[in-house]
1. Considering only residues that are acidic (Asp, Glu) and more than 17 Å from the chain's Cα centre (by Cα), which ones fall in the range 31-47?
2. Which one of Arg400, Arg350 is open to solvent by 60 Å² or more (accessible area, probe 1.4 Å), in contact (Cβ under 8 Å) with a residue 12 or more places away in the chain and among the basic types (Lys, Arg)?
3. If you check Thr175 against the conditions, is it touching a residue at least 12 places away in the same chain (Cβ under 8 Å), farther than 30 Å from Leu355 by Cα and assigned to a loop (DSSP other than H, G, I, E, B)?
4. If you scan the range 1-21, which residues turn out to be surrounded by 23 or more Cβ atoms within 10 Å (Cβ to Cβ), of a type in the set (A, V, I, L, M) and under 15 Å from Gly269 (Cβ atoms)?
5. Looking only at the range 178-209, which residues are among the aliphatic types (A, V, I, L, M) and open to solvent by less than 10 Å² (accessible area, probe 1.4 Å)?
6. Could you list all residues from the range 333-354 that are at pLDDT 90 or above and in contact with a Leu (Cβ under 7 Å, 6 or more places away or on another chain)?
7. Just give me the residues in the range 92-107 being among the hydrophobic types (A, V, I, L, M, F, W, C), open to solvent by 20 Å² or more (accessible area, probe 1.4 Å) and in contact with a strand residue (DSSP E or B) (Cβ under 8 Å, 6 or more places away or on another chain), in sequence order.
8. For the structure I just gave you, tell me whether Gln212 is open to solvent by 40 Å² or more (accessible area, probe 1.4 Å) and either of a type in the set (Phe, Trp, Tyr) or assigned to a helix (DSSP H, G or I) (or both).
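The values are calculated or read from the model by the stated rules, or taken from the named source; none is laboratory data. The structure presented is a predicted model; accordingly, all values stated were derived computationally and were not measured. Here Cβ is always computed from backbone atoms with ideal geometry, including for glycine, and neighbour counts include all displayed protein chains. Note: areas computed on protein heavy atoms with side chains; ligands, DNA, RNA excluded. Shrake-Rupley method; radii C 1.70, N 1.55, O 1.52, S 1.80 Å.
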Amino acid sequence: MCTNLMISVPANPGLSSPDTSRMFVSARALEMPGEIAQSVYVMPSKQPWPLTPATPGSAAQGWTTLRWTNPYGFVGIAPSGSGWQSLPTFNDGINSQGLSVGALWLAPGTQYGPLGTGAGTPKNQVSFLDFPAWILGNFASVTDFLSALPNIIVVGPAPGAQFYVPLHYIVTDNTGQSAVIEFINGTPQIYKCTNGVMTNWPTYDWQLTNVQNYFNLTLVGTATSTSGAGNPVGGGLVGLPGDSLSASRFVRATILSQGISQLPADGTGWLPAPGVFPTTPPSKNPPGFAGPEQTAVMVALQLTQICMGTPYGMLLETVKNSPSTTGTPDTMPSSSTTTYGDYTMWTSVRDHTNLKYYFMSAFSGILTMIDLNSLDFATTPAYPAAASIAVMPQGGAPWRVDATKMLTPAAA
């Protein structure tokens, strides 16, 4: 299970001549059961693709027949260790032009084009495993990507076959435009959107229809929680679904991400956060605690966690005991063990305007940032020696900050 969303805020609030430019930040969570070791990798520009697995005889070798050299470098999340050596595939990332890709689970229903083999294999096949890297490495905008998409065939194993993974994709650029791509019965289904919301099954068109059932919900009220009068803030959200199912998460992400867009477009009264409307007397605007960049990143992160975040051990699964499942011998009558199910392994935030990539994992609440502006994509090491940092597990990265020595006497 996964959730993707996007928000935007004024880039330069508070100017005497209002500035209409905006910054765009998207975020997603990856939620799966089990253990999946993953890292953030820096991929250079002018890298030949597809990557040749460092482990000989990789199962997916030869699936992608298209050859290209990417003009844009990018950072993204891919398997670590032996997974990186044998199956170097990205499921999230952002490139040097501010275009991102997120691969999310979509089952049942996903079916890619059939894998071609032999002499007659088309030369424009791109494996679903290489599809995110093809997008990140070659395109600066959603428009350019959509123009090129008909020129390739996205292929993959049939449902039930080895290495079949049912995925759909969302592509977002630095103008706030997004495109959703799903492969249903072997045919690409393409949708444009401007809010960047995508979850899992059912398909995107169904989600768009279902969310209309919640037309009555509103984020606007006439009073705050401290006044205790009128229609309190949040009262208009009665009926907002709160469960973990994909349809409910799509509704939550769609409704809740609309809040910031209803505030004054130039940031008056709310940026820098937590600015307020001018007070009289005297007339003044507090400086606030955070500027647009910090506000947008943190709001996107918190929204994603509200819409999706599942702590480890919250969703459980009952597994029938056997040597192949729990390691416990079969019994008669059969017995079972309760174990953990899906949990949010990691959350990423992509700043499309300032070209920064953030992530945090299930077991480290510290937000880690990679600044694409500080990377030289022309000289960074190529695959398989690409620079990386572990996300899950985070290894030696700190999972908390010890602030004990920062304590100072209270101000008089």
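1. Looking only at the range 31-47, we keep the residues that are acidic (Asp, Glu), and these are 31, 35.
The one that is acidic (Asp, Glu) and more than 17 Å from the chain's Cα centre (by Cα): Glu35.
2. On the way: Arg350 fails: open to solvent by 60 Å² or more (accessible area, probe 1.4 Å).
Going through Arg400, Arg350 in turn, just one is open to solvent by 60 Å² or more (accessible area, probe 1.4 Å), in contact (Cβ under 8 Å) with a residue 12 or more places away in the chain and among the basic types (Lys, Arg): Arg400.
3. Working: touching a residue at least 12 places away in the same chain (Cβ under 8 Å): yes; farther than 30 Å from Leu355 by Cα: no; assigned to a loop (DSSP other than H, G, I, E, B): yes.
Criteria not met by Thr175.
4. Val9
5. Restricting attention to the range 178-209, the residues satisfying the condition of being among the aliphatic types (A, V, I, L, M) are 179-181, 184, 190, 197-198, 208.
Residues satisfying the conditions are Ala179, Val180, Ile181, Val197, Met198.
6. First, pick out the residues of the range 333-354 that are at pLDDT 90 or above: 347-354.
If the condition is that a residue be at pLDDT 90 or above and in contact with a Leu (Cβ under 7 Å, 6 or more places away or on another chain), then Thr347, Val349 are the ones that fit.
7. Going through the range 92-107, the residues among the hydrophobic types (A, V, I, L, M, F, W, C) turn out to be 94, 99, 101, 103-107.
Remaining after also requiring open to solvent by 20 Å² or more (accessible area, probe 1.4 Å): 105, 107.
Scanning the range 92-107 gives a single hit, Trp105.
8. On the way: open to solvent by 40 Å² or more (accessible area, probe 1.4 Å): yes; either of a type in the set (Phe, Trp, Tyr) or assigned to a helix (DSSP H, G or I) (or both): yes.
In short, yes.
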